[in-house]
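Taking it in order: structure first as structure tokens, then the write-up.
The values are calculated or read from the model by the stated rules, or taken from the named source; none is laboratory data. Being a predicted model, the structure only gives us computed values, none of them experimental. Every residue, glycine as well, gets a Cβ built from its backbone with ideal geometry; the counts of neighbours run over all protein chains shown. To get the accessible areas, we keep the full protein, side chains included, count just its heavy atoms, and leave off ligands, DNA and RNA. Shrake-Rupley method; radii C 1.70, N 1.55, O 1.52, S 1.80 Å.
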Amino acid sequence: MSNLQALQDKLHYDKTFDCVQCGYCLPACPTYETMERETHSPRGRINLVKMVAEGKATVNDLENPIEKCLGCMACTTVCPTNVQYGQILEGAKEVIDEQKVKTKRQQKTEQFLFEQFFPSRKWMDTLGDATWFYQTSGLQKLAQRTGLSKVAPLHISEFEKVLPSMPSPNKRRQRVKRYIRKRPSTTKVAFFTGCIMDSVFFESNENTIELLLRSGAEVLIPEEQSCCGALHAHTGKTESAVELAKQNIEAFEKEQVDYIINNAGGCGAKLIEYDHLFEIGTEWHERAERFVEKVKDISEVLVELDYLEFSTPLNKTVTYQPSCHMTNVQGVTEAPLELIKKIPGVRLKELDRPDFCCGSAGVYNIVNYEDAMDILDVKMKDVCGVQPEGIVTSNPGCLLQMKLGVEREGLTGKIDTVHLVDLLMEAEPKMVQ
Ligand code: SF4
Ligand code: SF4
């Protein structure tokens, strides 16, 4: 195979011809709206990929437009020709990553982050422990008072202000691996805990388990599960994403369950596309397909089980900021709204443009901070128009980003931002009999 042919395969050159340049995707694209450049629109990006595959542009030309893409997939839902933009984007990221000249230090940092840090239970526990110590020892207050937190790189000081309070290391390590209801269960599920979700948003994971139990399900937590690989795939580390997918498929197929549940829109979108990582007709593709069939967001299963009955009315107005990956990749849109509407006393006011990304997008808001804040400002205008007392989200990244938006608008204390499962638990659902 020639070098050009190999490059075209990686870039999914054949798929770029599905784009008929109609421009229907332009109004849906947040980066086209905020950056106002054709190269930073879905159509422009696809064109550039095609030009690189034909040798008419360089990988260098592609780098900035692709790195500025949120990967929100809003363009795919409005595209009349069903262009597989997600595959084109991941291919482009892989090619850019391969050709990037990196210093030894950058290589080592990436290697550590993607191969050791995210996939490791131990490192995630350490992250949780360190955050807990930072928050409870007085260090956080000191760093904020003295301005020391501002010297942290990549605007991390902005995000540490909005981190949830961490439970103690003891509490996190005491979690049991199998939750069996005292009465016979109607449904058996395995819970995908996520890496960041299970360290920084541990309480939301606990609430997810509790909601499943109260809905009558038996819950298992396969110990050998790992990070979903979304961050790896989004940064062009396809091989690592494939390895993580294999590890998760193996871990979950050991248990006979009805569903594999997740509560993070971004992770769920990766899990539900595991079959795309393997060649059709291979054993791994078949195993991935069986895995994918069982993947569900927590909201879908709670609606399906239909047992939740709440004891405590919540007297508040909330709005819902859906995760782009949950909407545009998983196709889950109605279940979270249905659950919110079921809570007595909650008034749901929908956003004008719920499908407009909040700017979180994995690590986008860390590596492209200024651009992410421009997008967040658009989102917050919409939120302020609704004037809610609470924002409900379904993904950890969106949750932090929306908290940051609230903080930037000076609305801390007036608008509370929570994960859907936390709102549901606040209304104290009864245990199914
Ligand atoms: S909507 Fe689809 S076909 Fe039309 S320009 Fe956008 S990507 Fe191309
Ligand atoms: S994925 Fe989102 S940011 Fe990227 S081109 Fe599509 S709509 Fe625009």
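Couple of notes before you dig in:
- Residues within the range 71-106 that are within 14 Å of ligand 1 (Cβ to nearest atom) and on the phi > 0 side of the Ramachandran plot, tallied: 2
- Restricting the range 346-371 to residues that are under 15 Å from the mean Cα position of the chain (by Cα) and aliphatic (A, V, I, L, M), the residue that is farthest from ligand 2 (Cβ to nearest atom) is Ile366.
- The range 84-100, residues that are under 22 Å from the mean Cα position of the chain (by Cα) and either of a type in the set (A, V, I, L, M) or more than 9 Å from ligand 2 (Cβ to nearest atom) (or both): Gln84, Gln87, Ile88, Leu89, Glu90, Gly91, Ala92, Lys93, Glu94, Asp97
- For Met51, the conditions (1) more than 30 Å from Arg173 (Cα to Cα); (2) in contact with a Gly (Cβ under 9 Å, 6 or more places away or on another chain); (3) away from ligand 1 (no atom under 14 Å from the Cβ) all hold with the exception of (2).
- Residue within the range 425-433 that is farther than 30 Å from Gln106 by Cβ, open to solvent by 10 Å² or more (accessible area, probe 1.4 Å) and not in a loop (DSSP other than H, G, I, E, B) present: yes
- Failed condition for Ile260, given (1) more than 20 Å from the chain's Cα centre (by Cα); (2) not in a helix (DSSP H, G or I): (1)
- Exclusive hit being touching a His at 6+ places or on another chain (Cβ under 9 Å) and among the β-branched types (Val, Ile, Thr), set Ile46, Ile88, Ile96: Ile88
- Within the range 408-424, the set of residues being modelled with pLDDT under 95 and part of a helix (DSSP H, G or I) comprises just one member, Arg408.
- Output for the range 17-37, where each listed residue is among the aliphatic types (A, V, I, L, M) and over 14 Å from Cys358 (Cα atoms): Val20, Leu26, Met35
Yes/no matrix, rows are residues, columns are (1) more than 14 Å from ligand 1 (Cβ to nearest atom); (2) part of a helix (DSSP H, G or I):
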residue: Ala6; (1), (2): yes, yes
residue: Asp14; (1), (2): yes, yes
residue: Cys19; (1), (2): no, no
residue: Cys22; (1), (2): no, no
residue: Lys56; (1), (2): yes, no
residue: Cys69; (1), (2): no, no
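- Selection of first residues in the range 85-101 that are free of Cβ contacts under 8 Å to residues at least 60 places away in the same chain and assigned by TED's automatic domain parsing to the domain that holds Ile66 and of second residues that are among the basic types (Lys, Arg) and away from ligand 1 (no atom under 16 Å from the Cβ), restricted to Cβ pairs under 9 Å at least 6 apart or on distinct chains, gives an empty result.
- Close pairs (6 angstrom Cβ cut-off, 6 or more residues apart or separate chains): of a type in the set (Lys, Arg) in the range 186-200, open to solvent by 20 Å² or more (accessible area, probe 1.4 Å) anywhere: Lys188/Glu218; Lys188/Asp258
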